[in-house]
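Q: A single structure is presented below for examination.
The values are calculated or read from the model by the stated rules, or taken from the named source; none is laboratory data. As the structure is a computational prediction, the values presented were derived from the model and not from experiment. Positions of Cβ are generated from backbone atoms using ideal geometry, with glycine treated the same way; all protein chains shown enter the neighbour counts. SASA here: full protein model, heavy atoms, side chains in, ligands and nucleic acids out. Shrake-Rupley method; radii C 1.70, N 1.55, O 1.52, S 1.80 Å.
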Amino acid sequence: MTHSPALTHTAEPSAPTRRERGEETRIRLIEAAEAAFAEHGFHGIGVAALARACGLGNAGLLHHFPSKARLYAAVLERVAAEADGLLVAALDVAGADPGDRLTAMIGVQARWTADRPAAARLVLRELLDNVDRVGRARHLPLKPYVTRMCDEISAGQAAGLVAPGPAVVPLTLLLGAFAYGLAVRPTFAQMRPEDAVLAEDAGFVAAIAAAARTALFSGGRAHDPDPRRHPAG
């Protein structure tokens, strides 16, 4: 007696649930809003323009995010979590040596700036433009990220690798160098076409990272507010 081969049935993938579809839409809106906020800042764009950037009408956008502030907070939470997650991973790989950890911190910030220029610009705008909001804010998404980097700089100071003083000072120089470098590279490239380092964001940011490492590990000369402690020659 012959037997017919058994028929196998492959289960059809189930259709996304309403909640899943809503989450997918929310993620798309956050990604579109990130680019809009990075270009215009929180105060430079209204709900109608945000809705257009997200491919929705005002009502559609407000269905997912009741206000521009809520959407901005969601964008900033996502960017902060991404940057901090990359930093934590890099520090875990670096190990316990303070110098290696500082090098990893600078490296991951440089790579993230080059790979995610819109997100880097958004962080810069948040640090510059939020003066009127920060006093009222109940939660500051970038605080864990900033605190972690300050802690690493403080550890470098304790190890004698970085000049003594408030850790936020060299951090300001570091973040400012990357953000400003990203902003001015296209203009500098027009002014200085002979400088190959200006050809692309990644190369210029890498060069800034190398200079930042030299300055940060300079034994204090770059950051010491009292030049009398470091006489010339």
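Q: I'd like the full set of residues that are open to solvent by 30 Å² or more (accessible area, probe 1.4 Å) and under 19 Å from A167 (Cα atoms), limited to the range 196-220.
A: A211, R213, T214, A215, F217, S218, G219
Q: Looking at G60, G41, can you tell me which residue is surrounded by fewer than 21 Cβ atoms within 10 Å (Cβ to Cβ), modelled with pLDDT under 90 and under 30 Å from I106 (Cα atoms)?
A: G41
Q: Also: If you scan the range 64-88, which residues turn out to be farther than 20 Å from R125 by Cα and either touching an Asp or Glu at 6+ places or on another chain (Cβ under 8 Å) or not in a helix (DSSP H, G or I) (or both)?
A: F65, P66
Q: Determine, yes or no, whether P193 is open to solvent by 30 Å² or more (accessible area, probe 1.4 Å) and either at pLDDT below 85 or in a helix (DSSP H, G or I) (or both).
A: No: the conditions fail for P193.
Q: Answer yes or no: is there a residue in the range 80-93 that is touching a Leu at 6+ places or on another chain (Cβ under 6 Å) and not basic (K, R).
A: Scanning the range 80-93, I find at least one residue that is touching a Leu at 6+ places or on another chain (Cβ under 6 Å) and not basic (K, R), so the answer is yes.
Q: Any residue at all in the range 54-63 that is in a helix (DSSP H, G or I), closer than 30 Å to A206 by Cα and either out of contact with any strand residue (DSSP E or B) (no Cβ under 8 Å at 6 or more places or on another chain) or of a type outside the set (K, R) (or both)?
A: Within the range 54-63, none of the residues are in a helix (DSSP H, G or I), closer than 30 Å to A206 by Cα and either out of contact with any strand residue (DSSP E or B) (no Cβ under 8 Å at 6 or more places or on another chain) or of a type outside the set (K, R) (or both).
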